[in-house]
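Right, one structure below, let's go through it.
The values are calculated or read from the model by the stated rules, or taken from the named source; none is laboratory data. Small disclaimer: the values here were computed from a predicted structure and weren't measured. Positions of Cβ are backbone-derived with ideal geometry, glycine not excepted, and every protein chain shown enters the neighbour counts. SASA here: full protein model, heavy atoms, side chains in, ligands and nucleic acids out. Shrake-Rupley method; radii C 1.70, N 1.55, O 1.52, S 1.80 Å.
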Amino acid sequence: QVQLVQSGGGLVPAGGSLTLSCTASETIFSSIPMGWYRQAPGKQRELVARIRSGRDPDYMDSVMGRFTISRDNARKTVYLQMNRLKPEDTAVYYCNVRSSEIDYWGQGAQVTVSS
């Protein structure tokens, strides 16, 4: 069973930057997507970005050009660099790995962007 441990998050003013990281307990093959989701109060969890080898990363439209997902397979870690943050980016962010049709989730990290 894969365990995902997140770090990062916090409170930042609008226009600021944050980096989230997520480290897996075991090697994740590069062909398996690793991604970031977020869930704002009263809303459904939504995909923010996803990365896997051989394909360009996927981003939700509202973060395109501001967020960058990257992955270090040797460190079993996926990152989300978030720049030019907006109040509407406020949410709990979760990292995700889907392996053998099972979703594994990190513990979540609160990101709050003040206006």
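Starting from residues that are under 15 Å from VAL2 (Cβ atoms) and open to solvent by less than 40 Å² (accessible area, probe 1.4 Å), keep the ones in region 95-115 and report whichever is nearest to the chain's Cα centre (by Cα). Ranking the candidates gives CYS95 first.
For region 66-83, a residue qualifies if it is among the aliphatic types (A, V, I, L, M) and without any contact (Cβ under 8 Å) to a residue 12 or more places away in the chain, and exactly one does: ALA74.
Residues in region 10-59 that are open to solvent by less than 30 Å² (accessible area, probe 1.4 Å) and under 11 Å from the mean Cα position of the chain (by Cα): 10 in all. Only residues that are within 9 Å of the chain's Cα centre (by Cα) and open to solvent by 50 Å² or more (accessible area, probe 1.4 Å) were counted across region 60-79, and they come to 1. When the test is whether a residue is surrounded by 19 or more Cβ atoms within 10 Å (Cβ to Cβ) and on the phi < 0 side of the Ramachandran plot, MET82 passes it.
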